[in-house]
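Every number in this text was worked out from the coordinates using simple rules, so none of it is lab data. Predicted model only: the values in this text are computed from it and were never measured. Cβ placement follows ideal geometry from the backbone for every residue including glycine, while neighbour counts extend to all protein chains displayed.
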Amino acid sequence: MRALILMLSIFFAVPDSVPAFSFDIGGIGSGPMGGNNRDMKRMRHAKQIYNLAGALVPVSDAEEITLGRAVMKNILARYPLDRNLEQTYYLNLVGTALAQRSDRPLLNYHVAILATDDVNAYAAPGGFIFVTRGALEMVEDEAELAAILAHEIAHVTERHIVKALQQSRLMSVGQEAVADAFKVPDKFFEQMTKFATDALFNGLKKKDEYAADAKSIQYLDRLGYDSPAMFDVLKLLDERRKHGKAKVLSKTHPKPADRIRHLKSASTEMAVEQPTGIRLSDRFKHYL
């Protein structure tokens, strides 16, 4: 049955709402306030919490997509686009099928190939996924390709870059200023774009990478791919890293061995089916 779901999902490919954040500052400011050192500390603490609340202003799906398009331009300014239309179409079929089984299935996802031999992949906010030619040449079947795409899709579904932006000092300007910047891009929007681009190129938090690895197992499982393919990708990546063919990724991600260890631990707690063994190597070789 899961094999049938996988086969059908590949051939049938499409914006959700995110609940607003609410904040409780714990009654800061209540009670008598004088001018002694204790009160001054309380005032500084209140200001810190207020700034934190300001930093966590909501970012809607539409705003996230707007940010993602701006980040996408920066990615394409660094790497040339590989314009193999048949292969790009194939990656989008696989990516869309995975996305429809993800935690944000109504978001539109777009997958493109970057013409660089370095092994890497990127996920801009809003569903813009990029896989390098080097990464495509590394994987050996469709399940492993799907594992890479599932990992990047997970960065989007978990909103890792958006959350990092929300928690940054940039957002302390408040919700109204942020909303205005998304409506009419200005210097502040450029600052948000730079922050998001730097987060993408310089690397996310280790815990975000571990979380995306774990989510990738779930997404592979939901669609019917052989879920151990994610482990195989990490093993292949370790080999490339040792031979200097993943220089950028080695600087921005945890070591593959550490990722494998965390993924093994996480997978024992996940409700996933037994591996299907479905790798679809023939179809993969036909397209790639």
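Annotations
- Formal net charge of residues neighbouring residue 98 (Cβ-Cβ distance under 10 Å; K, R +1; D, E -1): +1
- Computed magnitude of the charge dipole of segment 75-118 (debye, nearest 20; Cβ of K, R +1, Cβ of D, E -1): 200 debye
- Estimated dipole of segment 183-288 in Debye, rounded to 20 [Cβ of Lys and Arg +1, of Asp and Glu -1, Cα centre]: 440 debye
- FRET efficiency, residue 183 to residue 163 (Cβ-Cβ, R0 25 Å, nearest 0.05): 0.70
- Magnitude of the charge dipole for segment 44-189, about its Cα centre and with charges confined to Cβ atoms of Lys, Arg (+1) and Asp, Glu (-1), is about 900 debye.
- Dipole-positive endmost among 212, 284, 236 within segment 206-288 (Cβ charges, Cα centre): 236
- Whichever lysines have a C-alpha closer than 17 Å to that of residue 255, once near sequence neighbours (fewer than 8 apart) are set aside: 205, 206, 207, 235, 242, 245, 247, 264
- Residues of type lysines that residue 183 reaches as a straight line, Cα spacing below 24 Å, ignoring anything fewer than 8 places off in the same chain: 73, 163, 194
- Based on the convex hull around the alpha carbon atoms, segment 74-153 presents an average projected area of 4.8 nm².
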